[in-house]
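Everything on this sheet refers to the single structure shown next.
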Amino acid sequence: MEIKEYMQLPYNYVIKLISDESGTYYHASVLEFDGCQSTGETFQEAYDDLMEAMEGWLEAKLENGFAVPPPLNNDKFSGKFVVRLPKSLHARLAIEAEKEGVSLNQYMLFKLSI
(Lines give C-alpha, C1' and ligand atoms only; values in the text may rest on other atoms or scores of the structure.)
Protein backbone atom coordinates (compact mmCIF):
# COMPACT_ATOMS: atom_id res chain seq x y z
CA MET A 1 0.00 0.00 0.00
CA GLU A 2 1.23 3.53 -0.82
CA ILE A 3 1.53 6.44 1.62
CA LYS A 4 -1.37 8.28 -0.07
CA GLU A 5 -3.60 5.23 0.48
CA TYR A 6 -2.69 5.07 4.17
CA MET A 7 -3.40 8.79 4.51
CA GLN A 8 -6.97 8.19 3.31
CA LEU A 9 -7.72 5.56 5.99
CA PRO A 10 -9.80 6.56 9.04
CA TYR A 11 -7.01 6.89 11.61
CA ASN A 12 -7.82 8.54 14.93
CA TYR A 13 -6.38 12.03 15.44
CA VAL A 14 -6.28 13.75 18.83
CA ILE A 15 -5.77 17.51 18.93
CA LYS A 16 -5.73 19.14 22.36
CA LEU A 17 -5.27 22.69 23.55
CA ILE A 18 -2.36 22.73 26.01
CA SER A 19 -1.44 25.48 28.47
CA ASP A 20 1.79 24.88 30.36
CA GLU A 21 5.05 26.59 31.31
CA SER A 22 6.00 26.94 27.65
CA GLY A 23 2.75 28.72 26.73
CA THR A 24 -0.52 27.85 25.03
CA TYR A 25 -0.50 25.68 21.93
CA TYR A 26 -2.19 22.70 20.29
CA HIS A 27 -0.75 19.18 20.51
CA ALA A 28 -1.78 16.69 17.83
CA SER A 29 -1.15 12.95 17.55
CA VAL A 30 -2.29 9.82 15.72
CA LEU A 31 -3.49 7.23 18.24
CA GLU A 32 -2.39 4.27 16.15
CA PHE A 33 1.10 5.61 15.34
CA ASP A 34 3.40 5.62 18.35
CA GLY A 35 5.45 8.81 18.35
CA CYS A 36 3.63 10.47 15.45
CA GLN A 37 2.81 13.92 16.79
CA SER A 38 3.07 17.64 16.18
CA THR A 39 2.26 20.99 17.73
CA GLY A 40 0.98 24.29 16.43
CA GLU A 41 -0.10 27.72 17.55
CA THR A 42 -3.55 27.09 16.06
CA PHE A 43 -5.73 24.02 15.66
CA GLN A 44 -5.28 24.14 11.88
CA GLU A 45 -1.50 24.49 12.14
CA ALA A 46 -1.32 21.49 14.49
CA TYR A 47 -3.50 19.45 12.10
CA ASP A 48 -1.49 20.45 9.01
CA ASP A 49 1.79 19.67 10.77
CA LEU A 50 0.35 16.34 11.93
CA MET A 51 -0.47 15.39 8.33
CA GLU A 52 3.14 16.16 7.41
CA ALA A 53 4.44 14.17 10.40
CA MET A 54 2.15 11.29 9.47
CA GLU A 55 3.57 11.15 5.96
CA GLY A 56 7.11 11.08 7.35
CA TRP A 57 6.17 8.43 9.92
CA LEU A 58 4.61 6.24 7.22
CA GLU A 59 7.55 6.75 4.87
CA ALA A 60 10.05 5.67 7.56
CA LYS A 61 8.02 2.57 8.47
CA LEU A 62 7.49 1.48 4.87
CA GLU A 63 11.10 2.11 3.78
CA ASN A 64 12.37 0.00 6.68
CA GLY A 65 9.94 -2.86 6.18
CA PHE A 66 7.90 -2.28 9.35
CA ALA A 67 4.19 -3.04 9.51
CA VAL A 68 1.80 -0.11 9.63
CA PRO A 69 -1.01 -0.64 12.14
CA PRO A 70 -4.54 -0.51 10.79
CA PRO A 71 -6.99 2.14 12.01
CA LEU A 72 -8.71 1.29 15.28
CA ASN A 73 -12.32 0.32 14.78
CA ASN A 74 -14.28 2.05 17.54
CA ASP A 75 -17.34 -0.10 16.78
CA LYS A 76 -15.77 -3.05 18.58
CA PHE A 77 -15.50 -1.17 21.90
CA SER A 78 -18.51 -1.23 24.21
CA GLY A 79 -17.22 1.40 26.64
CA LYS A 80 -17.19 -1.16 29.43
CA PHE A 81 -14.34 -3.15 30.98
CA VAL A 82 -13.67 -4.90 34.27
CA VAL A 83 -10.71 -4.02 36.47
CA ARG A 84 -9.68 -5.92 39.61
CA LEU A 85 -8.41 -3.64 42.39
CA PRO A 86 -7.03 -4.20 45.84
CA LYS A 87 -9.77 -3.66 48.43
CA SER A 88 -7.89 -0.72 49.93
CA LEU A 89 -7.71 1.11 46.58
CA HIS A 90 -11.39 0.41 45.88
CA ALA A 91 -12.29 1.85 49.29
CA ARG A 92 -10.11 4.94 48.78
CA LEU A 93 -11.60 5.65 45.36
CA ALA A 94 -15.15 5.17 46.67
CA ILE A 95 -14.46 7.63 49.51
CA GLU A 96 -12.95 10.18 47.12
CA ALA A 97 -15.96 9.85 44.79
CA GLU A 98 -18.33 10.37 47.71
CA LYS A 99 -16.41 13.49 48.79
CA GLU A 100 -16.78 14.85 45.25
CA GLY A 101 -20.49 14.00 45.22
CA VAL A 102 -20.29 11.75 42.16
CA SER A 103 -20.68 8.06 41.48
CA LEU A 104 -17.66 5.78 41.55
CA ASN A 105 -18.07 5.26 37.78
CA GLN A 106 -18.04 9.02 37.13
CA TYR A 107 -15.05 9.47 39.41
CA MET A 108 -13.11 6.68 37.71
CA LEU A 109 -13.89 8.15 34.29
CA PHE A 110 -12.50 11.47 35.51
CA LYS A 111 -9.36 9.82 36.94
CA LEU A 112 -8.73 7.82 33.76
CA SER A 113 -9.15 10.85 31.50
CA ILE A 114 -6.47 13.02 33.14
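Across the range 1-11, the qualifying residues are those that are out of contact with any Pro (no Cβ under 6 Å at 6 or more places or on another chain) and outside any helix (DSSP H, G or I), and the one among them that is nearest to Asp48 (Cα to Cα) is Gln8. Of all residues in the range 20-33, those satisfying the criterion of being at pLDDT below 95 and open to solvent by 60 Å² or more (accessible area, probe 1.4 Å) are Glu21, Ser22, Leu31. Only one of the listed residues (Ser78, Ser19, Ser113) is in contact with a strand residue (DSSP E or B) (Cβ under 9 Å, 6 or more places away or on another chain) and at negative phi. That residue is Ser19. Counting only residues that are of a type in the set (Lys, Arg) and more than 30 Å from Phe33 (Cβ to Cβ), which one in the range 56-114 is most open to solvent (accessible area, probe 1.4 Å)? Out of the qualifying residues, it is Arg84.
The values are calculated or read from the model by the stated rules, or taken from the named source; none is laboratory data. As the structure is a prediction and not an experimental result, all values here were calculated from the model. Glycine also receives a Cβ, built like all others from the backbone with ideal geometry; neighbour counts cover every protein chain displayed. Only protein heavy atoms, including side chains, enter the accessible area calculation; ligands, DNA and RNA are left aside. Shrake-Rupley method; radii C 1.70, N 1.55, O 1.52, S 1.80 Å.
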